[in-house]
Each structure stands twice: as structure tokens, then as C-alpha cells.
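No lab work stands behind these numbers, since they all come straight from the coordinates. If you're wondering where the values come from, they're calculated on a predicted model, not measured in any experiment. Neighbour counts run over all protein chains shown; Cβ positions are idealised from the backbone, glycine included.
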Amino acid sequence: MNSEEYWAQRAEERELAWHKKSQNTVEMELSKAYRDALGKIQTEIAALYGRYAKDNQLTIADARKLLMGAEYRTWRMGLQQYVAMIQKTNDKGLLRELNTLAMRSRISRLDKLYSDTLMELDTLGRTAIGQMDHFLTDAYTDNYYHGLYDIGQKWKITNPVAQVIPKDVEQVLRTPWSGKNYSERVWKNTQKLNRLLQDEMVTAIHRGESLQKIAKVVTQRMDVSISNATRLVRTELNYVQNQAAIDSIAESGMKYYTFIATLDRRTSQICRAHDRHVYLVKDAQPGTNMPPLHPNCRSTIFGSLSDHADGSGTRIAKNSNNKSIHVPANMTYDDWHAIYVDQTMTLKQWRKEK
């Protein structure tokens, strides 16, 4: 096995192993945290809705008009006294006063629900960051040491192995490589979910919608947030893996690295364009010439001894039936797509052209 084939295979193996570990640990834990928060929020909605299940004597439109004015801001008597007086006198103005005050109380309790929801989501955000800190630290350490080991094995480099320093890992995790680091993105997602839930719950309760409909809307919003959290974990994992790779490449004294895109139909246009390009280690920049280039990126890198890929050996790809195969190492994404997807040329024709 030549160097390119070796590195591409090792990079893919580590990417797949950590992707699976992500699915089985941190992504599962984050999903549970979101589901737990969802359950508590829906319990609070049910409690609020149960207290106000009876129809209001005023329409929502009329109540809102009254709430904008200066009237009916204090309870002049107890609830039972209001009810008794209305039954005795059939005073429509008194009924309006009672309904308006009741609506104000409903809004006050709705604000309390929102406040409680904020607390749940704040706890959720802290839980997510803590889980990701631990997981990504392990991912960086594992990929860094494995990278140095592989380089030593392949090229017999005997430089002393530099230890992973916790503060250096912390710097990697806190680097805003795409404008915000992942902890900032967790809080951004949480704040966005806060606003969405507030808008949805306020609107739904004011409209008098059923508990089932409110719960469905909240569930949909939480599902979107779970999807966002999963995408965030996978993207940050790719960043940490490739940062560990570039650090181990630099530590070994190598000056170049090769960008490797996954050869299947899910690969993005931007990663296709970078496939098999060789870059200087000192110029490596995540999001520009080093993965990840986009959310859910699966591309990897490996160290190179020269400023061009030698093209010998093979690399792993998917055929037209989505089965793993080996193709020539110097086959670019566009070459692979023409042969195995578009089928505008055969492998034999490609070899002849090359």
C-alpha cells in the first residue's frame, strides 16, 4: 500500500469511527436532553391550559382592545363577589371588567410559563456544551496521537511525540473558525428556540387552541432544534478531527497536506472542487481550504511530502449501486462522477485518457 492509499484509508477509518461514536454517545445524550426539556415544557403548558379550559365570555379581539386601555387594571372585589354581583344585576359592564381582569391574569401566568421555559432551555444549553466539551476533547486527543503514530509508522519518523496540552485543546475548541465557536452556536440555537416557543405558545393560547395542537407545535420546534444540535455536533467533530490531523502533520515536520472528499453522491459541490488539491500546512484554514467547508462536512486531509499528489495506489469510493470499491488514487471527484454516476465514460476510457 502506497502513502496516498494508506493515508486516505486511515483518515476515512477515523472519520467513520468517530462519526459512529458521535451517534452512539453525544448525539443520543443531546436528543434525550431535548426530549426531557420538551416533556417539562409540555407539562407546564398542560397545567396552564387546564386552569383556563373554560371559554371566556369575551372574544379575544375584544379582550385585546380592553387590555390596551387604562380601565380594569385592579380587582375591586374578590372573584366570588364579582360572580354574585353579575348574577344579581346582570351588569354587562361588570362582566366585561371581570373578563378583562381574568385575561390579564392569564397573560401573567403565560409570562410565568415563558420564564419557566427559559430556565429549562438555559439548563439544556449548559448540558449540551458540557457534553460537547468532553466529547470533542476526546476526539481531538485520539486523532492527534493516532495521526502522529501513523506518520511514524509509515515514514519511520522518530521525532519525540509532543504531548497534548489541555490549554491547547481548549484553544482549539474555543476557536471561532466559522464566525462562532460551538458553545456560542449552542446558545444561539437555544435563544432562537426560546423566541419560537414564546411566539407559538402565546399565539396558540390566545387563540384558545387545544392542548394537543399546542403540544404538536412545540414538538415540531423541538425536533428542528434536535436536528440543529446534531448537525452542530457532526460539523464540530469534523473540525476537531481535521485540526488534530493538521497539528500532527505539522508536528511531524511535513509541509503539505492533501484534501480528500468522499466519493459518493452526497458530497457537496465545494468539497468536490477541493478534492485531491494539495495545500501548505502553514496556509491551512478551516472553512476555506481545510474541512469542514460546510455543515455536516465529511471531508478529511492527510499529510504529503511534496506539493502535488503522486496519484499512485487506490482510494475508496462508492459505485453506482452505492457499494464500496477501490478506484485509482488520482481519480478526482469529477472523474468518479462521470464514470459511476453520469456514466458518460468508462473506467477503461478514463485510464486511456490519463
Taking 0.36 nm per residue of separation between His294 and Asp334 and subtracting their Cα-Cα distance, the length gained on full extension comes to 12.5 nm
Residues whose modelled amide H sits under 5 Å from the amide H of Met290, counting only those 5 or more places away in sequence or on another chain, are Gln285
On the formula 1/(1 + (r/R0)^6), with r taken between the Cβ atoms of Thr175 and Lys213 and R0 of 56 Å, the FRET efficiency rounded to 0.05 is 0.80
Packing-ranked peptide list from 261-273, 165-177, highest mean Cβ count within 10 angstrom first, is 261-273, 165-177
In the structure shown, of Lys32/Lys216; Lys255/Lys318; Lys180/Lys255; Lys21/Lys180; Lys318/Lys348, the pairs separated by more than 20 angstrom at the C-alpha atoms are Lys255/Lys318; Lys180/Lys255; Lys21/Lys180
Phi-derived 3J(HN,Hα) across region 263-280 with the Karplus relation (6.51, -1.76, 1.60, θ = phi - 60°), rounded Hz, x for Gly and Pro, is 8, 8, 6, 7, 5, 6, 4, 5, 6, 4, 5, 8, 3, 6, 6, 10, 10, 6
The set of residues whose placed amide H lies less than 5 Å from the amide H of Arg315, leaving out same-chain residues fewer than 5 positions away, is Val327, Ala329
Once Arg351 and Gln191 are pulled to full extension, the length gained, defined as 0.36 nm per residue separation minus their Cα-Cα distance, is 52.2 nm
Taking a ≥ b ≥ c as the square roots of the eigenvalues of the Cα gyration tensor, with a/c under 1.5 meaning rounded and otherwise prolate when a/b exceeds b/c and oblate if not, region 254-354 is oblate
By the mean-Cβ-within-10 Å protection proxy, highest first, 140-153, 15-28 rank as 140-153, 15-28
